[in-house]
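**Q** I'd like to ask some things about the structure below.
The values are calculated or read from the model by the stated rules, or taken from the named source; none is laboratory data. None of the values given here were measured: they were computed from a predicted structure. Cβ placement follows ideal geometry from the backbone for every residue including glycine, while neighbour counts extend to all protein chains displayed. Note: areas computed on protein heavy atoms with side chains; ligands, DNA, RNA excluded. Shrake-Rupley method; radii C 1.70, N 1.55, O 1.52, S 1.80 Å.
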Amino acid sequence: MRTIMKPVITSTKLVACLLALIAIGNFSFSPSKKKEKEDWISLFNGKDIKNWTVKIHHYETGDNYANTFRVEDGLIKVRYDQYDKFNEKYGHLYFNTPYSYYHLSLEYRFTGIWRKDAPSYTELNSGVMFHSQDPKTMPKEQDWPISVEMQFLAGLADGKPRPTGNMCSPGTDVIFEGKKDPRHCINSTSKTYPKEEWVKAELIVLGDSLITHMINGESVLQYSKPQIGGGVANRYDPALKIDGKLLKEGFIALQSEGQEIDFRNIKLLNLEGCTDPKSKAYRSYFVKSNGKCK
């Protein structure tokens, strides 16, 4: 897979740069004259996953088979110690609120074991899905949600480069370098990180327009116009697979596909809100108006 060299952009400057340069859609943006409080939302309280829903292949929505997703030591952990065999039990843990325009930030760390009866590509492999279909719309035997994935990888024993923060597209397509890219996964420009190291991953999602992936504060991949299409996802409700339909919003989900992994510091900055500077509810970082100004 080819990689594209891009200039390094720090996370503190990225949103302003994007909003100044984007010519896609109707956005309004006014630089703040003074630093203002950013209203980040913690998606994970460090105690439980009551605000999350599990969907695991071969099981009904809400069935957290073998305690796959669990909270220990203030972390969301993916574990397989109660599995007899993997049997393609690809799983996802969905936050219960869908979002459209937002900045997502989380940290992950590959740890523990890899199920050797899982497909070989799943070793030191996980990710976060976004713009996903509602897990309640997934049949029991649907393997992957129709969604876009920010893929997480770590270096293998062969020592070959293995970037993280890539894009994968189960049941979707994206526009990359000006055209619809037929590949299921597109590599980022990140460096390779080892197992056991905490890595900070960020997504800046602007509805159905521009998507930016960031790793440890650096922009590593950009693409646009996420839409339903492509392959990989199987046994979905065909009524939902409307190829070419732009994905403007959806659910966020942490992945389980055979490799143990930990997640922490999962938070989100909503970029949709009041865009009227005269309102107390106004924030300069809002990209799109939600029509709710106090």
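**Q** Just the residues that are open to solvent by 20 Å² or more (accessible area, probe 1.4 Å), part of a loop (DSSP other than H, G, I, E, B) and either in contact with a helix residue (DSSP H, G or I) (Cβ under 9 Å, 6 or more places away or on another chain) or not charged (D, E, K, R) (or both), please, taken from region 218-246.
**A** Hits for region 218-246 are Gly230, Gly231, Val232, Asn234, Tyr236, Asp237, Ile242, Gly244.
**Q** Consider only pairs whose beta carbons are under 7 Å apart and that are at least six residues apart or on different chains; among these, list those whose first residue lies in region 223-249 and is over 9 Å from Asp208 (Cβ atoms) and charged (D, E, K, R) and whose second residue is outside any helix (DSSP H, G or I) and open to solvent by 70 Å² or more (accessible area, probe 1.4 Å).
**A** Within 7 Å, the pairs are Arg235/Glu141.
**Q** For Asp276, which of the numbered conditions (1) within 18 Å of Val54 (Cβ to Cβ); (2) not in a strand (DSSP E or B) fails to hold?
**A** (1)
**Q** Now for a separate question. Which of the residues that make up region 124-142 are crowded, with 18+ Cβ neighbours inside 10 Å and in contact with a Lys or Arg (Cβ under 9 Å, 6 or more places away or on another chain)?
**A** Once the filter is applied, which keeps residues that are crowded, with 18+ Cβ neighbours inside 10 Å and in contact with a Lys or Arg (Cβ under 9 Å, 6 or more places away or on another chain), region 124-142 yields Leu124, His131, Pro135, Met138, Gln142.
**Q** Does Gly91 satisfy the condition of being in contact (Cβ under 8 Å) with a residue 40 or more places away in the chain and surrounded by 17 or more Cβ atoms within 10 Å (Cβ to Cβ)? If you could, list the steps in order and put the result at the bottom.
**A** Working: in contact (Cβ under 8 Å) with a residue 40 or more places away in the chain: yes; surrounded by 17 or more Cβ atoms within 10 Å (Cβ to Cβ): yes.
Yes.
**Q** Which residues, counting only those in region 185-200, are open to solvent by 10 Å² or more (accessible area, probe 1.4 Å), closer than 26 Å to Gly231 by Cβ and in contact with a Leu (Cβ under 9 Å, 6 or more places away or on another chain)? Show your work before the answer.
**A** Going through region 185-200, the residues open to solvent by 10 Å² or more (accessible area, probe 1.4 Å) turn out to be 185, 187, 189-198, 200.
Subsequent filtering for residues that are closer than 26 Å to Gly231 by Cβ retains 185, 187, 189-190.
Those that are open to solvent by 10 Å² or more (accessible area, probe 1.4 Å), closer than 26 Å to Gly231 by Cβ and in contact with a Leu (Cβ under 9 Å, 6 or more places away or on another chain): Asn187, Thr189, Ser190.
**Q** Test Tyr102 against the criterion of being open to solvent by less than 10 Å² (accessible area, probe 1.4 Å) and at pLDDT 95 or above, and give yes or no.
**A** For Tyr102, the condition - open to solvent by less than 10 Å² (accessible area, probe 1.4 Å) and at pLDDT 95 or above - is met.
**Q** Between Leu156, Leu203, which is surrounded by fewer than 23 Cβ atoms within 10 Å (Cβ to Cβ), in contact (Cβ under 8 Å) with a residue 12 or more places away in the chain and within 30 Å of Ser289 (Cα to Cα)?
**A** Values: Leu156 fails: within 30 Å of Ser289 (Cα to Cα).
None of the other options fit; the residue is Leu203.
**Q** Against the conditions (1) crowded, with 16+ Cβ neighbours inside 10 Å; (2) in contact (Cβ under 8 Å) with a residue 60 or more places away in the chain; (3) under 26 Å from Glu123 (Cα atoms); (4) touching a strand residue (DSSP E or B) at 6+ places or on another chain (Cβ under 9 Å), where does Ile215 fall short? Just the number, please.
**A** (2)
**Q** Please specify each residue of region 195-217 satisfying the condition of being within 22 Å of Ile266 (Cβ to Cβ), outside any strand (DSSP E or B) and either within 14 Å of the chain's Cα centre (by Cα) or not basic (Lys, Arg) (or both).
**A** Result: Glu196, Glu197, Trp198, Gly207, Asn216, Gly217.
**Q** Sticking with this structure for a sec: Confirm whether Lys85 is among the basic types (Lys, Arg), out of contact with any Ser or Thr (no Cβ under 7 Å at 6 or more places or on another chain) and either within 26 Å of Asn265 (Cβ to Cβ) or open to solvent by less than 50 Å² (accessible area, probe 1.4 Å) (or both). Outline the logic, then answer.
**A** Working: among the basic types (Lys, Arg): yes; out of contact with any Ser or Thr (no Cβ under 7 Å at 6 or more places or on another chain): yes; either within 26 Å of Asn265 (Cβ to Cβ) or open to solvent by less than 50 Å² (accessible area, probe 1.4 Å) (or both): no.
Taking the combined requirement at face value, the residue does not satisfy it.
**Q** Check Pro182 against each of (1) surrounded by fewer than 20 Cβ atoms within 10 Å (Cβ to Cβ); (2) of a type outside the set (D, E, K, R); (3) at pLDDT 95 or above and name the one condition it does not meet.
**A** For Pro182, the exception is condition (3).
**Q** Check Glu197, Glu149 and return the single one that is touching a Ser or Thr at 6+ places or on another chain (Cβ under 9 Å) and in contact (Cβ under 8 Å) with a residue 60 or more places away in the chain.
**A** Numbers: Glu197 fails: touching a Ser or Thr at 6+ places or on another chain (Cβ under 9 Å).
Of the residues listed, the single one that is touching a Ser or Thr at 6+ places or on another chain (Cβ under 9 Å) and in contact (Cβ under 8 Å) with a residue 60 or more places away in the chain is Glu149.
**Q** Restricting attention to region 159-179, which residues are free of Cβ contacts under 8 Å to residues at least 40 places away in the same chain, assigned to a loop (DSSP other than H, G, I, E, B) and loosely packed, with under 13 Cβ neighbours inside 10 Å?
**A** Correct list: Gly159, Lys160, Pro161, Gly178.
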